[in-house]
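*Asks:* Sharing a structure here in structure tokens format.
Just so it is clear, none of the values below were taken in a lab; they were calculated from the coordinates. Here the structure is a predicted model, which is why all the values come from computation and not from measurement. Reconstructed Cβ throughout: ideal geometry from the backbone, glycine too, with neighbour counts over all protein chains shown.
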Amino acid sequence: MTGAATSPFEGHVPVLRLGGVLLVTLQGDLYDSTAEQLQQDIGETAADSAVTGVVIDLSGVEIVDSFMGRVLSDVAAMTRLLAAQTVVAGMRPAVAITLVELGLTLPGLRTALNTEEALRLLGAEVAALPRAGRARGESP
Amino acid sequence: MTHSTGSVSACLPINSDLDLVRVRQHVRQMTAQLGFGLVEQTKLVTAASELARNALVHGGGGQMECTSVSSGGIQGLRLVFSDQGPGIVDLDQALSDGYTSGEGLGMGLGGARRLVHEFSIDSRRGIGTTVTVTSWNSRPPRPREAP
Ligand SMILES: Nc1ncnc2c1ncn2[C@@H]1O[C@H](COP(=O)(O)OP(=O)(O)OP(=O)(O)O)[C@@H](O)[C@H]1O
Ligand SMILES: [Mg+2]
């Protein structure tokens, strides 16, 4: 894989663990290699721990093309094989409209309006919610 | 339709992952400057990402030329993606949804065509592929108060 080491968008995206749920927050523009790395990181984390769900927060993402779409679908398929569910949270309307026109309907991906709703969908511990907020540095 | 073509505002190389990010950022900036709405911006940036990746992955690298154009007072952005790769043997097949010669989803080329206002492709075996797309700032004027 090619890519310069100069950009903040390259490398590992942090995979946070909240009880049985993995929380991934994507921001800005991702390198293809970063997206592929993320897929591998989620797979490894989900495999060696009792993970029941994965939440991918897309609210900071301005475009999803077919490459990123494939990564999201693959993560969903992979986590299903590991007996976990993936929920994509906070997709921007412009991104959703574009994905449909592109022809990517992302079958198998569950969606939620935001991270908290995604965690609720997954039946995560309510107690884990405030920690999720703090970990992402959100204001209440 | 007659287009008055501006000068080429930029020519970006497409030789790496990093270049794909730069192409997306450049198209985002240009469409924002031209006053495209958020959805139109996102569509053209996404189409550019698909076409740039095709030039990189299938064409072995290439470049994108970016030109602002205008027609009848409407502003637009024209993007020309070119590579000196193997070319596309069967264009209809390549444009059909789900066809891929690699391990992609096969949605990039046909999807990009749907995301832009004008799309043309010129591909010659052993010489290369050039894809030209144009989108217009078709955002209607702000709704006025009732007269
Ligand atoms: N610039 C190019 N040079 C040579 N062949 C190309 C080029 N662009 C597209 N193709 C051919 O057309 C096919 C379809 O392209 P398309 O972008 O739709 O799908 P893909 O790139 O295989 O997958 P993805 O959905 O990830 O984009 C490719 O698999 C490839 O065979
Ligand atoms: Mg493609």
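*Asks:* Determine the sum of side-chain charges near A:HIS12: Lys and Arg each +1, Asp and Glu each -1, restricted to other residues whose C-beta is under 14 angstrom from that of A:HIS12.
*Replies:* Result for the neighbourhood of A:HIS12: -4.
*Asks:* Let me ask another. On average over all directions, what projected area in square nanometres does the protein assembly as shown have, based on the convex hull of its Cα atoms?
*Replies:* Over all viewing directions, the protein assembly as shown projects a mean Cα-hull area of 18.2 nm².
*Asks:* Okay, next question. Which whole-number percent gives the relative contact order of segment B:38-87, counting Cα pairs below 8 Å spaced six or more residues apart?
*Replies:* Relative contact order, segment B:38-87: 35 percent.
*Asks:* Restricting things to Cα coordinates, could you compute the convex hull volume per residue of segment A:16-59 in Å³?
*Replies:* Dividing the Cα hull volume of segment A:16-59 by its residues yields 58 Å³.
*Asks:* Find, among the trypsin sites (Lys or Arg not before Pro) in segment B:42-145, those assigned to loop by DSSP (not H, G, I, E, B) with at most 15 other beta-carbon atoms within 10 angstrom.
*Replies:* Counting only loop positions with at most 15 other Cβ atoms within 10 Å, the trypsin sites (Lys or Arg not before Pro) in segment B:42-145 are B:ARG125, B:ARG144.
*Asks:* Next question, about the same structure. Would you tally the net charge around B:ASP122, using a Cβ to Cβ cut-off of less than 15 Å, leaving B:ASP122 out, and scoring K and R as +1, D and E as -1?
*Replies:* Neighbourhood net charge equals -1.
*Asks:* For a Förster distance of 22 Å, can you work out the FRET efficiency between the beta-carbons of A:ALA77 and A:LEU16, rounded to the nearest 0.05?
*Replies:* Using R0 = 22 Å, I get an efficiency of 0.50.
*Asks:* State the Cα centre-to-centre distance between segment A:63-77 and segment B:89-136 in whole Å.
*Replies:* 20 Å
*Asks:* On alpha carbon coordinates alone, what is the Rg over Rh value for segment B:4-136, Rh being the Kirkwood radius?
*Replies:* 0.95
*Asks:* Let me ask something else. Tell me, which longest segment in chain B has none of the GluC sites (Glu not before Pro) that fall in DSSP loops with at most 13 further Cβ atoms within 10 Å?
*Replies:* Maximal segment without exposed cleavage sites: B:1-102.
*Asks:* State the three equivalent ellipsoid semi-axes of segment A:15-130, derived from the C-alpha gyration tensor as the square roots of 5 times its eigenvalues, in descending order and whole Å.
*Replies:* Equivalent ellipsoid of segment A:15-130: 21, 16, 13 Å, largest first.
*Asks:* Each label point is 7 Å from the Cα along the Cα-to-Cβ direction; what then is the distance between the points at A:SER59 and B:SER96, in nm?
*Replies:* Here the modelled spin labels are 4.3 nm apart.
*Asks:* Right, here's the next one. Net charge near A:SER49, counting Lys/Arg +1 and Asp/Glu -1 over other residues with Cβ under 13 Å of its Cβ?
*Replies:* Around A:SER49, the charge tally is -2.
*Asks:* Something else about it: Relative contact order of segment B:4-136: what whole-number percent is it, with Cα pairs under 8 angstrom and at least 6 residues apart?
*Replies:* 26 percent.
*Asks:* So what is the relative contact order for segment A:10-138, in percent, with contacts set as C-alpha pairs under 8 Å and at least six apart?
*Replies:* 25 percent
*Asks:* Could you tell me how far the Cα centroid of segment B:8-75 sits from the Cα centroid of segment A:79-117, in Å?
*Replies:* Result: 25 Å between the Cα centres.
*Asks:* Residues with amide H under 5 Å of A:ARG17's amide H, sequence separation 5 or more or different chain, H placed in the peptide plane at 1.01 Å from N; which?
*Replies:* HN-HN under 5 Å from A:ARG17: A:LEU23.
*Asks:* PRE reach from B:GLU65 (point 7 Å along Cα→Cβ): which of segment B:76-94 fall under 19 Å by backbone N?
*Replies:* Zone members listed by number: B:76-85, B:87.
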